[in-house]
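S.K.: Quick one: structure below, then a few questions.
The values are calculated or read from the model by the stated rules, or taken from the named source; none is laboratory data. Values in this document were obtained by computation on a predicted structure and should not be read as measured data. As a convention, Cβ positions derive from the backbone with ideal geometry for all residues, glycine included, and neighbour counts pool all protein chains shown.
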Amino acid sequence: MARLKQKLLRKSLRPFLLFSFLLLLLATPIFYFSLQELYRHETDEILEIDLEEFIKITAPILKQEDIANWNRFNPNVQLTQSDKNIKNHFFTKIIYNPLADEDEPFRLLQTNVSIDGQNYLFVDRQNLVENKDLFVWVILLFVFLFAAFIVGLYFINRRLTKHLWQPFNDTLEQIESFNINEQNALNVNDNGIEEFARLNHTIAKWLNRNADIYNTQKEFIENAAHELQTPLAVFKAKVENLMQLENNNEAQYKLLNELNLASDKLSKLNKNLLLYARVDNQQYSVKEGVSILNLINDRIDFYKEQAAVKLVDIVLSEETKITLPANPFMVETLLNNLIMNSIRHNVENGKIEIAIKENELIISNSGPDKPLLESDLYKRFSNNQSLTKGTGLGLAIVKRIVDFNNWKINYQFLKGLHTFSVHFS
Amino acid sequence: MKVLLIEDEKSLADSVINYLHTSEVQCEYAANKAEALDKIAVYEYDCILLDIMLPDGNGFEILQEIKRQNKQDGVILVSAKDGVETRIEGLNLGADDYLTKPFNLSELLARVQAVIRRNQFGGNNKLQFNEIEIDINAKSVTISKVATEVTRKEYELLLYLVANKNKVLSKSAIAEHLSGDMADSLDNFDFIYAHIKNLKKKLGTAGEYINTVYGMGYKWHD
């Protein structure tokens with residue numbers, strides 16, 4: 001669960017962070033250069049204003065003999081006699097500043113002016129140093145704000161995502177723990193989000209439909225099995241009536257015997273179908289302390305008698321006294337089916353070992369020298385059953401009982417022994 | 001012995017009547033609740049075979065009526081329902097026994113006889129067949145006044161055979177009878193050979209009453 005949440009969060013955050021980072025990388029130089037350009041432009045304007053002021057106010061009153069003095073007191077606006085024809089030429093130049101004792105960038109404006117009828121070259125300059133310091137600070141501030149913005153968004157997004165997906169995770173958790181036997185309704189919150197409301201609605205509908213199908217199917221099996229009881233009873237009774245006729249001969253008895261076996265098999269099959277359909281019925285949900293050892297001891301004579309026909313030996317190798325909170329009838333059925341199976345599929349002079357451990361029941365038996373196909377093991381009617389063998393429902397019923405109680409069942413083929421172990425949780 | 005059979009399935013009822021009739025049991029028949037209540041009010045029966053599901057009512061209602069009228073008739077419930085609850089409810093209401101459909105007719109006859117014996121003979125309950133005497137309470141057997149040791153299974157087998165005298169009993173019916181609650185788990189009836197053989201031996205000359213019927217089963221012949 002936690003991994004999935006992070007995955008989702010990371011997925012949504014990664015492109016977002018990547019975009020922010022690229023934007024920062026790209027925006028910083030652009031921002032820097034445009035700011036610089038803007039500043040140069042501003043400086044040029046100042047130089048232009050200086051020039052305009054000079055032409056309009058200073059130039060008309062300036063005499064030739066004042067030029068030397070002017071140049072002395074205005075280091076930034078120098079006038080030199082020149083024949084060159086230069087008009088409004090702006091440029092940047094590194095000039096040594098004796099005050100700061102370093103080379104500094106200056107913005108200069110050269111243009112021709114006419115003073116006292118004489119042609120002069122007007123050179124105005126503006127120091128760019130202060131502007132550069134300002135740049136650095138502006139850029140630093142910009143980067144800091146941007147970084148704060150990203151970090152903030154990261155955490156907000158993380159919190160928001162977690163919060164937003166909460167109902168989704170709730171729903172997921174409930175679906176994961178959904179048990180068709182219990183059929184508890186979906187109890188979820190959509191946080192008022194339309195998509196989740198839709199999801200929950202659809203899932204609830206789907207689960208309900210599944211439960212309906214399941215119930216209908218169960219009911220059908222139950223009804224069908226029930227309806228079969230009476231005709232079966234009639235059939236069985238008629239065969240028994242036939243058996244009593246005075247002049248039956250050997251061939252007729254043989255036929256009657258087979259009819260009788262078939263009717264027995266039918267009624268057993270029917271009873272098992274009913275049982276299979278009813279495992280999760282209310283009537284078996286009553287739980288009490290069930291002692292496995294007591295149940296086995298009550299029936300061990302019966303099992304031994306059944307096994308003796310095949311000269312199969314039954315050994316109780318471990319007899320831990322455990323009590324399970326379960327329905328006694330269900331546990332009886334589970335034991336019966338497993339033990340009768342171990343007898344049925346055993347070989348002459350074979351053996352059966354039953355071990356009751358602290359939290360586990362292990363039944364192993366000799367039998368055919370190849371493992372059973374585990375995938376088909378608990379399926380209904382998965383192996384071909386002859387008339388005198390089981391109903392093909394025994395292990396399917398066992399599996400249902402195990403599932404219903406949240407136990408686990410395992411099959412292993414080890415050293416020629418087929419071993420079923422039921423873990424009680 | 002007079003028995004009332006309350007069963008709506010005519011075909012099944014015919015079979016039961018036919019089987020019981022040849023065992024000297026007089027069997028009357030009611031197809032529904034109304035008929036049944038009429039008969040119960042007027043006649044006394046040794047045993048009533050009562051189907052729980054009837055077209056015009058519930059077998060439990062008839063059972064309650066029998067108890068209300070303080071009738072001493074033995075009651076065996078017969079039902080297609082084999083739920084533990086139904087069984088317990090029936091027995092709590094005062095039924096003497098409970099049988100699930102489909103059943104063996106031989107089993108039904110044995111149960112009818114057991115219920116009647118219990119109801120009528122109480123403390124001194126003995127079953128006599130020629131030289132064989134079976135003491136139901138002591139679960140013991142004497143042959144020509146000589147006590148004969150039999151195992152629990154052999155005793156049950158003997159009682160079952162005698163109850164169904166002159167009837168052909170299938171191996172499966174005998175095996176199911178001897179297995180009681182475990183009958184549904186059976187799929188091999190061969191274990192009864194040993195019991196039959198041992199019982200025959202213990203009965204001595206009386207063992208000759210037991211006849212084999214061509215691979216089908218056994219028959220107690222008088």
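S.K.: Hey, can you tell me all the residues within the range B:80-107 that are of a type in the set (S, T, N, Q) and surrounded by 21 or more Cβ atoms within 10 Å (Cβ to Cβ)?
M.R.: Hits for the range B:80-107 are B:Asn104, B:Ser106.
S.K.: Among B:Lys165, B:Lys202, which is the only one that is within 14 Å of another protein chain (Cβ to nearest Cβ) and basic (Lys, Arg)?
M.R.: B:Lys165
S.K.: Here's something else I'd like to know. Just checking, does the range B:108-119 include any residue being more than 17 Å from B:Gln26 (Cα to Cα), out of contact with any Lys or Arg (no Cβ under 8 Å at 6 or more places or on another chain) and either within 14 Å of chain A (Cβ to nearest Cβ) or buried (at least 17 other Cβ atoms within 10 Å of the Cβ) (or both)?
M.R.: Step one: list which residues in the range B:108-119 are more than 17 Å from B:Gln26 (Cα to Cα), which gives B:118-119.
Keeping just the survivors that are out of contact with any Lys or Arg (no Cβ under 8 Å at 6 or more places or on another chain) gives B:118-119.
Still in the running and either within 14 Å of chain A (Cβ to nearest Cβ) or buried (at least 17 other Cβ atoms within 10 Å of the Cβ) (or both): none.
Checked the range B:108-119: no residue is more than 17 Å from B:Gln26 (Cα to Cα), out of contact with any Lys or Arg (no Cβ under 8 Å at 6 or more places or on another chain) and either within 14 Å of chain A (Cβ to nearest Cβ) or buried (at least 17 other Cβ atoms within 10 Å of the Cβ) (or both).
S.K.: Now for a separate question. Here are some conditions: (1) under 30 Å from B:Lys101 (Cα atoms); (2) modelled with pLDDT of 90 or more; (3) out of contact with any Leu (no Cβ under 8 Å at 6 or more places or on another chain). B:Leu186 meets all but one. Which one does it not meet?
M.R.: Tallying (1) under 30 Å from B:Lys101 (Cα atoms); (2) modelled with pLDDT of 90 or more; (3) out of contact with any Leu (no Cβ under 8 Å at 6 or more places or on another chain), B:Leu186 fails exactly one: (2).
S.K.: Any chance you could count how many residues in the range A:194-220 are touching a residue at least 24 places away in the same chain (Cβ under 8 Å) and surrounded by 15 or more Cβ atoms within 10 Å (Cβ to Cβ)?
M.R.: Total meeting the criteria: 7.
S.K.: Name the residue that is nearest to the chain's Cα centre (by Cα), counting only residues in the range B:69-79 that are crowded, with 19+ Cβ neighbours inside 10 Å and more than 10 Å from chain A (Cβ to nearest Cβ).
M.R.: Of the range B:69-79, the ones crowded, with 19+ Cβ neighbours inside 10 Å are B:73-79.
Of the ones still in play, those that are also more than 10 Å from chain A (Cβ to nearest Cβ) are B:73-77.
Details: B:Asp73: 15, B:Gly74: 12, B:Val75: 12, B:Ile76: 9, B:Leu77: 12 Å.
Going through the qualifying residues, I end up with B:Ile76.
Per-residue answers, yes or no, for (1) in a helix (DSSP H, G or I); (2) free of Cβ contacts under 8 Å to residues at least 40 places away in the same chain; (3) out of contact with any strand residue (DSSP E or B) (no Cβ under 8 Å at 6 or more places or on another chain); (4) small (Gly, Ala, Ser):
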residue: A:Val123; (1), (2), (3), (4): no, no, no, no
residue: A:Leu153; (1), (2), (3), (4): yes, no, yes, no
residue: A:Arg158; (1), (2), (3), (4): yes, no, yes, no
residue: A:Thr171; (1), (2), (3), (4): yes, yes, yes, no
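S.K.: Got a sec? Which strands (runs of 3 or more DSSP E) wholly within the range B:55-152 have at least 2 residues that are of a type in the set (S, T, N, Q)? I'd like the intermediate steps shown before the answer.
M.R.: Numbers: elements: B:74-79, B:97-100, B:126-129, B:132-135, B:140-143, B:146-148.
Hits in the range B:55-152: B:140-143.
S.K.: From the list B:Asp135, B:Asp184, exactly one residue is within 14 Å of chain A (Cβ to nearest Cβ), without any contact (Cβ under 8 Å) to a residue 12 or more places away in the chain, surrounded by 15 or more Cβ atoms within 10 Å (Cβ to Cβ) and not aromatic (Phe, Trp, Tyr). Which is it?
M.R.: B:Asp184
S.K.: While we're looking at this one, here's another question. So, restricting to strands (runs of 3 or more DSSP E) that lie completely within the range A:344-425, which ones have at least 1 residues that are of a type in the set (Lys, Arg) and either away from chain B (no Cβ under 14 Å) or surrounded by 14 or more Cβ atoms within 10 Å (Cβ to Cβ) (or both)?
M.R.: A:351-356, A:408-414
S.K.: I'm trying to understand the selection: among the residues of the range B:191-222, which are under 23 Å from the mean Cα position of the chain (by Cα) and not in a helix (DSSP H, G or I)?
M.R.: Correct list: B:Ile210, B:Asn211, B:Thr212, B:Val213, B:Met216, B:Gly217, B:Tyr218, B:Lys219, B:Trp220, B:His221, B:Asp222.
S.K.: Further, regarding this structure: The conditions are (1) touching a strand residue (DSSP E or B) at 6+ places or on another chain (Cβ under 9 Å); (2) surrounded by 15 or more Cβ atoms within 10 Å (Cβ to Cβ); (3) away from chain B (no Cβ under 12 Å); (4) in contact (Cβ under 8 Å) with a residue 40 or more places away in the chain, and A:Leu338 fails exactly one of them. Which is it?
M.R.: (3)
S.K.: Would you be able to say whether some residue in the range A:98-113 is farther than 19 Å from A:Glu48 by Cα, over 60 Å from the mean Cα position of the chain (by Cα) and of a type in the set (Gly, Ala, Ser)?
M.R.: Quick first cut of the range A:98-113, residues farther than 19 Å from A:Glu48 by Cα only: A:98-104.
Filter again for over 60 Å from the mean Cα position of the chain (by Cα), leaving A:98-104.
Next cut, of a type in the set (Gly, Ala, Ser) only: A:100.
Yes, there is a match, as at least one residue in the range A:98-113 is farther than 19 Å from A:Glu48 by Cα, over 60 Å from the mean Cα position of the chain (by Cα) and of a type in the set (Gly, Ala, Ser).
S.K.: It is to be established whether one or more residues within the range B:8-18 are out of contact with any Ser or Thr (no Cβ under 6 Å at 6 or more places or on another chain) and away from chain A (no Cβ under 14 Å).
M.R.: no
S.K.: Right, another one. For the range A:287-329, what are the residues that are β-branched (Val, Ile, Thr), loosely packed, with under 15 Cβ neighbours inside 10 Å and farther than 30 Å from A:Asn349 by Cα?
M.R.: Residue satisfying the conditions is A:Thr323 alone.
S.K.: Can you work out which of the residues in the range B:8-47 that are in a loop (DSSP other than H, G, I, E, B) and small (Gly, Ala, Ser) is modelled with the lowest pLDDT?
M.R.: Only one residue fits best here, namely B:Ser23.
S.K.: Taking the residues in the range A:225-267 that are in contact (Cβ under 8 Å) with a residue 40 or more places away in the chain and either among the aliphatic types (A, V, I, L, M) or within 8 Å of chain B (Cβ to nearest Cβ) (or both) as candidates, determine which candidate is surrounded by the fewest Cβ atoms within 10 Å (Cβ to Cβ).
M.R.: Per the criteria, the residue is A:Ala262.
S.K.: Right, next: Can we say B:Ile174 is of a type in the set (Val, Ile, Thr) and part of a helix (DSSP H, G or I)?
M.R.: yes
S.K.: Which condition breaks for A:Phe16 when tested against (1) under 42 Å from the mean Cα position of the chain (by Cα); (2) modelled with pLDDT of 85 or more; (3) among the aromatic types (Phe, Trp, Tyr)?
M.R.: Evaluating A:Phe16 over (1) under 42 Å from the mean Cα position of the chain (by Cα); (2) modelled with pLDDT of 85 or more; (3) among the aromatic types (Phe, Trp, Tyr) leaves (2) as the failure.
S.K.: Now a separate question. Taking A:Arg198 and the conditions (1) part of a helix (DSSP H, G or I); (2) away from chain B (no Cβ under 11 Å); (3) more than 54 Å from the chain's Cα centre (by Cα), which numbered condition does it fall short on, given that it satisfies the others?
M.R.: Every condition holds for A:Arg198 apart from (3).
S.K.: Could you go through the range B:61-68 and let me know if any residue there is closer than 30 Å to A:Val279 by Cβ and in contact (Cβ under 8 Å) with a residue 24 or more places away in the chain. Before the answer, list the steps.
M.R.: Residues of the range B:61-68 that are closer than 30 Å to A:Val279 by Cβ, as a first pass: B:63.
After this cut, where a residue has to be in contact (Cβ under 8 Å) with a residue 24 or more places away in the chain as well, the list is B:63.
Within the range B:61-68, one or more residues are closer than 30 Å to A:Val279 by Cβ and in contact (Cβ under 8 Å) with a residue 24 or more places away in the chain.
S.K.: What number goes with the only condition from (1) farther than 23 Å from A:Glu250 by Cβ; (2) in contact (Cβ under 8 Å) with a residue 60 or more places away in the chain; (3) among the hydroxyl-bearing types (Ser, Thr, Tyr) that B:Ser170 does not pass?
M.R.: For B:Ser170, the failing item is (1).
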